[in-house]
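Colleague: Sharing a structure here in structure tokens format.
Rule-based calculations on the coordinates, nothing more; no lab input. Being a predicted model, the structure only gives us computed values, none of them experimental. Here Cβ is always computed from backbone atoms with ideal geometry, including for glycine, and neighbour counts include all displayed protein chains.
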Amino acid sequence: MDFEDLTIRFLVDENLENYMEIQNWMRGTAFPDSLQEIYDFQREDYDLVQPDKTQLNLYSDGTLTVLDSMQNAKFKVIFENLFPVNLTTLDFDATQTDVEYFTAEVTFKYTIYNIREISCNPCT
């Protein structure tokens, strides 16, 4: 089986926290500037060590919630073993006259996904 990559476009918060979180994840797992960068990444608050303590777990599971036209959750798509492989740059443009919010795209690889209907008892 071969599934298409998951690509998500998101608003970047004003402190770049969400952008830096993904960038640090990518740098810590793929192309660090030094071994120290890997060690620093592994020491952060991530659950990087698998329960058997023999190898690093650099993947994450993620859930995407799909809403209907009334903003009610209808489905959830559960992605297993996600890891980021691409993060777009931020477009800095000093010629803009209106407020422009930063957006970025991140692309993830994953092993499989499952779609689950969200039941609501009672629905409003």
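Colleague: Within 10 Å, count the other beta carbons around each residue, average over each peptide in 108-116, 10-18, 67-75, 90-98, and list them highest first. Don't skip to the answer; put the middle values down first.
Modeller: On the way: 108-116: 13.3, 10-18: 11.4, 67-75: 9.8, 90-98: 6.9.
Sorting 108-116, 10-18, 67-75, 90-98 by mean packing, highest first, produces 108-116, 10-18, 67-75, 90-98.
Colleague: Counting other beta carbons within 10 Å of each residue's own, what order do M26, M1 fall into, fewest first?
Modeller: Ordered by Cβ neighbours within 10 Å, fewest first: M1, M26.
Colleague: Sticking with this one: Gain in length, L16 to R116, computed as 0.36 nm per residue apart minus the alpha-carbon separation, to one decimal in nm?
Modeller: Separation in residues times 0.36 nm, less the Cα-Cα distance, equals 32.8 nm.
Colleague: Give me a comma-separated list of calculated 3J(HN,Hα) values for region 108-118, in order, Karplus coefficients 6.51, -1.76, 1.60 applied at θ = phi - 60°, integers in Hz, x for any Gly or Pro.
Modeller: 10, 9, 7, 8, 7, 9, 10, 9, 10, 6, 8
Colleague: Let me ask you something else. If Lys and Arg each add +1 and Asp and Glu each add -1, what is the summed charge of the other residues whose beta carbon sits under 14 Å from the beta carbon of T7?
Modeller: Once positives and negatives cancel, what remains is -1.
Colleague: Let me ask you something else. What is the sum of charges, Lys and Arg at +1 and Asp and Glu at -1, for the other residues whose Cβ falls under 11 Å from the Cβ of E100?
Modeller: Counting the neighbours of E100, the net charge comes to -3.
Colleague: Please work out the FRET efficiency for the pair L64 and V99, using the Cβ-Cβ distance as r and a Förster radius of 35 Å; give the result to the nearest 0.05.
Modeller: E(calc), rounded to 0.05, equals 0.80.
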